[in-house]
1. Taking the criterion of being in a loop (DSSP other than H, G, I, E, B) and either out of contact with any helix residue (DSSP H, G or I) (no Cβ under 9 Å at 6 or more places or on another chain) or over 25 Å from residue 235 (Cβ atoms) (or both), would at least one residue in the range 260-269 satisfy it?
2. Which one of the conditions (1) buried (at least 19 other Cβ atoms within 10 Å of the Cβ); (2) within 19 Å of residue 50 (Cβ to Cβ) does residue 251 fail to meet, given that it meets all the rest?
3. Quick check: is even one residue across the range 331-350 in contact with a helix residue (DSSP H, G or I) (Cβ under 7 Å, 6 or more places away or on another chain) and under 28 Å from residue 80 (Cα atoms)?
4. What number of residues within the range 64-81 are over 14 Å from the mean Cα position of the chain (by Cα) and not in a helix (DSSP H, G or I)?
5. For the range 229-239, does any single residue satisfy the condition of being under 16 Å from residue 177 (Cβ atoms), part of a helix (DSSP H, G or I), in contact (Cβ under 8 Å) with a residue 60 or more places away in the chain and touching a helix residue (DSSP H, G or I) at 6+ places or on another chain (Cβ under 9 Å)?
6. Being outside any helix (DSSP H, G or I), assigned by TED's automatic domain parsing to the domain that holds residue 177 and either on the phi < 0 side of the Ramachandran plot or surrounded by fewer than 21 Cβ atoms within 10 Å (Cβ to Cβ) (or both): is that true of residue 133 here?
7. Inside the range 93-130, can you point out the residues that are assigned to a strand (DSSP E or B) and touching a helix residue (DSSP H, G or I) at 6+ places or on another chain (Cβ under 6 Å)?
8. Within the range 325-352, track down each residue that is part of a loop (DSSP other than H, G, I, E, B) and either modelled with pLDDT under 85 or more than 34 Å from the chain's Cα centre (by Cα) (or both).
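The values are calculated or read from the model by the stated rules, or taken from the named source; none is laboratory data. None of the values given here were measured: they were computed from a predicted structure. Heads up, the Cβs are rebuilt from the backbone with ideal geometry, glycines too, and the neighbour counts pull from every protein chain shown.
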């Protein structure tokens with residue numbers, strides 16, 4: 001190279017370097033998407049997977065996926081993780097082995113790597129569970145069965161496993177139940193745990209108070225019992241279920257109990273994906289659609305504005321109930337909440 005060419009090359013070196021740096025920066029921006037859209041704190045996405053469950057949790061750059069919906073939701077879960085830039089999961093959790101919880105986790109494992117996989121069982125005779133186990137194996141991972149009382153960190157959040165407390169034959173009651181605490185806010189995730197598991201949690205003495213409750217078993221009447229709900233006393237609750245599902249979820253009795261506790265309810269069947277954000281002090285909630293939807297309307301008629309309790313059975317009734325107690329055994333309540341607070345349970349006949 002001639003001397004003059006060398007001088008010209010040296011003169012343009014800063015420009016070449018700037019162009020190279022710019023192109024390198026563009027490449028980096030294209031290849032990475034900030035997790036949680038650049039927000040700090042804790043974000044919980046209750047993903048709309050129809051009549052199923054799936055929740056993505058992001059805290060200070062660390063991630064956890066709890067359930068993945070049905071096998072048919074695999075593509076949806078894949079796309080959701082991709083759109084949020086989640087290529088690595090610190091934890092992937094199958095709360096229990098039923099397909100509507102474990103099925104779509106294969107889609108997650110086809111996009112993201114997982115560090116730790118939690119599930120209450122290591123074997124279950126179903127294609128969905130075996131697919132989950134297979135894709136874990138391809139990443140060199142095995143299922144870890146947690147014990148109640150286990151605790152670990154997710155970013156700045158504290159995670160506590162509170163169930164299953166004992167062995168159950170029903171897979172729903174084997175559900176991993178966990179509480180995530182971030183600052184003065186907390187979230188309780190209950191899988192499909194039913195009344196037997198809820199009672200075992202209460203007897204074990206765990207602190208299950210929470211700001212936000214993921215309602216058990218898609219709002220089935222077999223979960224979210226009065227004693228359990230009284231200990232949680234959530235400000236907000238989320239039900240994950242499908243529009244017009246054949247199970248009738250959420251059941252009216254569950255909705256009634258949530259009304260009694262003055263819980264603000266969100267539903268994926270009516271509002272799509274529900275996103276909760278916590279700064280450690282307060283929780284803000286956004287929905288995909290229908291922000292003004294009436295998610296838990298009262299069914300009490302205008303002429304039934306009080307309730308009658310039975311001091312013997314400790315049940316309370318509508319005034320029109322055919323099973324009202326004798327006058328001497330009656331006590332009146334102005335609201336359902338007052339009856340519940342006094343320790344009365346609703347009549348199974350008139351369903352107040």
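1. No, because not a single residue in the range 260-269 is in a loop (DSSP other than H, G, I, E, B) and either out of contact with any helix residue (DSSP H, G or I) (no Cβ under 9 Å at 6 or more places or on another chain) or over 25 Å from residue 235 (Cβ atoms) (or both).
2. Tallying (1) buried (at least 19 other Cβ atoms within 10 Å of the Cβ); (2) within 19 Å of residue 50 (Cβ to Cβ), residue 251 fails exactly one: (1).
3. No, the range 331-350 has no match at all.
4. Step one: filter the range 64-81 for residues over 14 Å from the mean Cα position of the chain (by Cα), giving 70-81.
Narrowing further to those that are not in a helix (DSSP H, G or I): 70.
Residues that pass the stated criteria total 1.
5. No; the residues of the range 229-239 include none that is under 16 Å from residue 177 (Cβ atoms), part of a helix (DSSP H, G or I), in contact (Cβ under 8 Å) with a residue 60 or more places away in the chain and touching a helix residue (DSSP H, G or I) at 6+ places or on another chain (Cβ under 9 Å).
6. Numbers: outside any helix (DSSP H, G or I): no; assigned by TED's automatic domain parsing to the domain that holds residue 177: yes; either on the phi < 0 side of the Ramachandran plot or surrounded by fewer than 21 Cβ atoms within 10 Å (Cβ to Cβ) (or both): yes.
No; evaluated as a whole, the condition is false for this residue.
7. Let us first name the residues in the range 93-130 that are assigned to a strand (DSSP E or B), namely 93, 113-118.
Correct list: 117 only.
8. Here is the first cut: in the range 325-352, the residues part of a loop (DSSP other than H, G, I, E, B) are 325-326, 334-335, 342-344, 347-352.
Passing the criteria: 325, 326, 334, 335, 348, 349, 350, 351, 352.
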